[in-house]
Amino acid sequence: MARHDIQSALIIQSSVDMELDIKLRMASALGDIPDPYDMLFVGRHYAEPTEPQVQEMMTFLRQTNSSDPSAQMQRVWAKREFASRKTRVYLSSFPSGISAYAIGRQMARRLHHRLRVRMTVDKHDLDFILADVAMVGLSIAYSMSPSPIAAYTTRHGSDNQLLTHSALHVMSLRQDDPAMLSPYKDWASMWA
């Protein structure tokens, strides 16, 4: 980035799917981020404790996990509402399972020096290093909620995440319907 005078970049892991309206979601998110910031996590596999509405939804899902028809109907509507919530950004506390992030040139320079040591000497992967930098306060990092980019594998099951309007599904490049999946990998059993 520094050599080519690139101000910012969106780094996307291979094997991902994304929302059809990602451009609108990104524009909305970037307009809501206060300056200065170093990173914006655009795709994550797991929920964060500080993510808006997450704790409330987890509590609700646990409380309504019964065979009572009324509770099941409440769950259906609550899950639909949660899945289609408006895109928001929030100060990231513990990002994990990162599949896409936007980064500025200054942060890229700081990471470049840190990555050599952390990846070769400490043997940490990039996900761990990015999360660590955000957690210990070495960067001002935000996350998008809900994540408009999700990791995707051709295996069925909890490896895939919810997307309300999957680009791959619309183009018939994906067999399963990601609108039926849980929003985070660690929610698969709770979401069912």
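The values are calculated or read from the model by the stated rules, or taken from the named source; none is laboratory data. Because the structure is predicted, anything quoted here is derived from the model rather than measured. Ideal geometry is used to build each Cβ from the backbone, glycine not excepted, and the neighbour counts take in all protein chains shown. Ligands, DNA and RNA are stripped out before the accessible areas are found, and what is left, the full protein with its side chains, is counted by its heavy atoms. Shrake-Rupley method; radii C 1.70, N 1.55, O 1.52, S 1.80 Å.
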Here are some residues: LEU61, LEU40, LEU20. Which one is farther than 25 Å from THR153 by Cα, out of contact with any Cys (no Cβ under 8 Å at 6 or more places or on another chain) and not aromatic (Phe, Trp, Tyr)? LEU61
Please verify whether ASP32 is in contact with a Ser or Thr (Cβ under 7 Å, 6 or more places away or on another chain) and either closer than 16 Å to ALA100 by Cα or not aromatic (Phe, Trp, Tyr) (or both), treating the condition exactly as stated. no
Within the stretch 75-192, which helices (runs of 4 or more DSSP H) (wholly inside it) include 1 or more residues that are more than 17 Å from ASP21 (Cβ to Cβ)? 105-116, 126-135, 188-191
Tabulated pairs, the stretch 46-70, first of a type in the set (Gly, Ala, Ser), second in a loop (DSSP other than H, G, I, E, B) and open to solvent by less than 50 Å² (accessible area, probe 1.4 Å), C-beta under 7 angstrom, 6+ apart or interchain: ALA47/TYR184
Unique match (being in contact with a strand residue (DSSP E or B) (Cβ under 9 Å, 6 or more places away or on another chain), open to solvent by 70 Å² or more (accessible area, probe 1.4 Å) and either under 30 Å from ASP125 (Cα atoms) or free of Cβ contacts under 8 Å to residues at least 60 places away in the same chain (or both)) among ASP32, ASP38: ASP32
On the given criteria, is VAL117 β-branched (Val, Ile, Thr) and modelled with pLDDT of 85 or more? no
Taking THR50 as the residue in question, decide whether it is open to solvent by 30 Å² or more (accessible area, probe 1.4 Å) and under 16 Å from the mean Cα position of the chain (by Cα). yes
For the stretch 88-101, enumerate the residues that are free of Cβ contacts under 8 Å to residues at least 60 places away in the same chain and out of contact with any Lys or Arg (no Cβ under 8 Å at 6 or more places or on another chain). ARG88, TYR90, LEU91, SER92, SER93, PHE94
So SER70 clears everything in (1) on the phi > 0 side of the Ramachandran plot; (2) part of a helix (DSSP H, G or I) except one condition, right? Which one? (1)
List every residue pair whose Cβ atoms lie under 7 Å apart, where the two residues are 6 or more positions apart in sequence or sit on different chains, the first residue falls within the stretch 102-119 and is buried (at least 16 other Cβ atoms within 10 Å of the Cβ), and the second residue, located anywhere, is polar (S, T, N, Q). ALA102/SER8; ILE103/SER8; GLY104/GLN7; GLY104/SER8; MET107/SER139
